[in-house]
Amino acid sequence: MAHMAFTTPPALTVGFDLDMTLIDSRPGIRACYQALSERTGTYIDADLAVTRLGPPLAEELINWFPAEDIPAMADLYRAMYPAIAITATPAMTGAREAIAAVREAGGRAIVVTAKYEPNAKLHLAHLGIEPDAVIGDLWAEQKAEALREHDAGVYVGDHVGDVRGARTAGALSVAVATGPCPEEELRAAGADVVLTDLTEFPRWLSGYRPARA
């Protein structure tokens, strides 16, 4: 008599964005832009720059430097970043609890960010946040590459670019209104769920799990 094979459903993998989702990177990034300005003698409005975090570094630098200088300026910024930005950057309220909630649900938590991957890892290590994987240097639709590779069913982010990444990957888009994009803009971009901040995530996740088929 043949035995029936029962397969265990795959564990849920939840992806998280980094800047303004898991970490409040504004103080560190502001300080790093100020240092870059001093080092190069080029004016950078650091206060303005930190109001539009999310896209890749080059998209901000193009506002302050000629196009031909962007690669060198990005390299300089990234080299200065660890000494200036890491200790100045706190976790967002609810970040640790959100990662813990995924683990308690038997799931995996990964970070998919546009930030330079080595610096992303430094932030998380400094804060004692230990996701199962960290994938950097991916923005908006590009994030779908890593989300698909890790079979992420949910992606949590604060920017409309994160919503686009989730939708491209076929993942549920959970948006938190803690970054530059207000709730209405996140909804209009197609977010499936919009939370005020990550403190609401564990309760949402506990309600989402039983509905999984």
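For the condition more than 24 Å from VAL50 (Cβ to Cβ), open to solvent by 20 Å² or more (accessible area, probe 1.4 Å) and of a type in the set (A, V, I, L, M, F, W, C), what is the one hit in ALA146, ALA189, ALA169?
Selected residue: ALA169, the only one of ALA146, ALA189, ALA169 that is more than 24 Å from VAL50 (Cβ to Cβ), open to solvent by 20 Å² or more (accessible area, probe 1.4 Å) and of a type in the set (A, V, I, L, M, F, W, C).
Could you please find all residues in segment 20-32 being closer than 23 Å to ALA140 by Cβ and open to solvent by 10 Å² or more (accessible area, probe 1.4 Å)?
ASP24, ARG26
I'd like the full set of residues that are open to solvent by less than 10 Å² (accessible area, probe 1.4 Å) and under 13 Å from the mean Cα position of the chain (by Cα), limited to segment 100-116.
ALA109, ILE110, VAL111, VAL112, THR113 - these are the residues of segment 100-116 that are open to solvent by less than 10 Å² (accessible area, probe 1.4 Å) and under 13 Å from the mean Cα position of the chain (by Cα).
Wholly within segment 117-213, which strands (runs of 3 or more DSSP E) include no fewer than the required count, namely at least 3 residues that are within 13 Å of the chain's Cα centre (by Cα)?
In segment 117-213, 133-135, 154-157, 172-176 are the strands (runs of 3 or more DSSP E) which contain 3 or more residues that are within 13 Å of the chain's Cα centre (by Cα).
Every residue in segment 117-128 that is among the small types (Gly, Ala, Ser) and either touching a His at 6+ places or on another chain (Cβ under 7 Å) or surrounded by 15 or more Cβ atoms within 10 Å (Cβ to Cβ) (or both), please.
Matches in segment 117-128: ALA120 only.
Going through segment 38-82 one residue at a time, which ones are in contact (Cβ under 8 Å) with a residue 60 or more places away in the chain and open to solvent by 60 Å² or more (accessible area, probe 1.4 Å)?
THR51, ARG52
Suppose the filter is in a helix (DSSP H, G or I), closer than 25 Å to CYS181 by Cβ, among the small types (Gly, Ala, Ser) and open to solvent by less than 50 Å² (accessible area, probe 1.4 Å); does ALA88 pass it?
Against the criterion (in a helix (DSSP H, G or I), closer than 25 Å to CYS181 by Cβ, among the small types (Gly, Ala, Ser) and open to solvent by less than 50 Å² (accessible area, probe 1.4 Å)), ALA88 does not qualify.
Only residues that are modelled with pLDDT of 60 or more and among the small types (Gly, Ala, Ser): list them for segment 2-17, please.
ALA11, GLY15
The values are calculated or read from the model by the stated rules, or taken from the named source; none is laboratory data. Remember, it's a predicted structure, so these values are computed and weren't measured experimentally. Positions of Cβ are backbone-derived with ideal geometry, glycine not excepted, and every protein chain shown enters the neighbour counts. Just the protein is used for accessible areas: all its heavy atoms, side chains included, with ligands, DNA and RNA removed. Shrake-Rupley method; radii C 1.70, N 1.55, O 1.52, S 1.80 Å.
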